């Protein structure tokens with residue numbers, strides 16, 4: 001019962017993420033999750049970009065000039081991480097549907 005309930009909650013979350021992604025809902029659950037997930041994951045890996053810089057890459061596909069040096073690899077890694085998050089959504093949704 002608990003496993004089925006948590007799977008349906010997970011499915012609802014994944015469905016919301018997919019719908020907001022597909023409709024390009026700004027500042028919604030998908031939008032903010034993308035930024036928070038990528039920023040924190042990259043920070044754990046030692047990426048020096050700030051949350052503001054991470055947000056700019058997601059929102060505008062541009063970089064914010066700053067005083068400290070950052071390699072192009074950090075920007076590329078962050079942009080690629082956003083794409084990875086998107087690619088994980090559909091398979092996750094399929095797994096959740098199968099478990100219900």
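The values are calculated or read from the model by the stated rules, or taken from the named source; none is laboratory data. As the structure is a prediction and not an experimental result, all values here were calculated from the model. Cβ coordinates were reconstructed from backbone atoms using ideal geometry, including for glycine residues, and neighbour counts include every protein chain displayed.
A few points about this structure:
- Counted residues, region 22-34 - those being surrounded by fewer than 18 Cβ atoms within 10 Å (Cβ to Cβ) and in a helix (DSSP H, G or I): 4
- Flag for residue 62 being under 15 Å from the mean Cα position of the chain (by Cα) and either crowded, with 17+ Cβ neighbours inside 10 Å or at negative phi (or both): no
- Odd one out for residue 70, checked against (1) in contact with a helix residue (DSSP H, G or I) (Cβ under 7 Å, 6 or more places away or on another chain); (2) at pLDDT below 90: (1)
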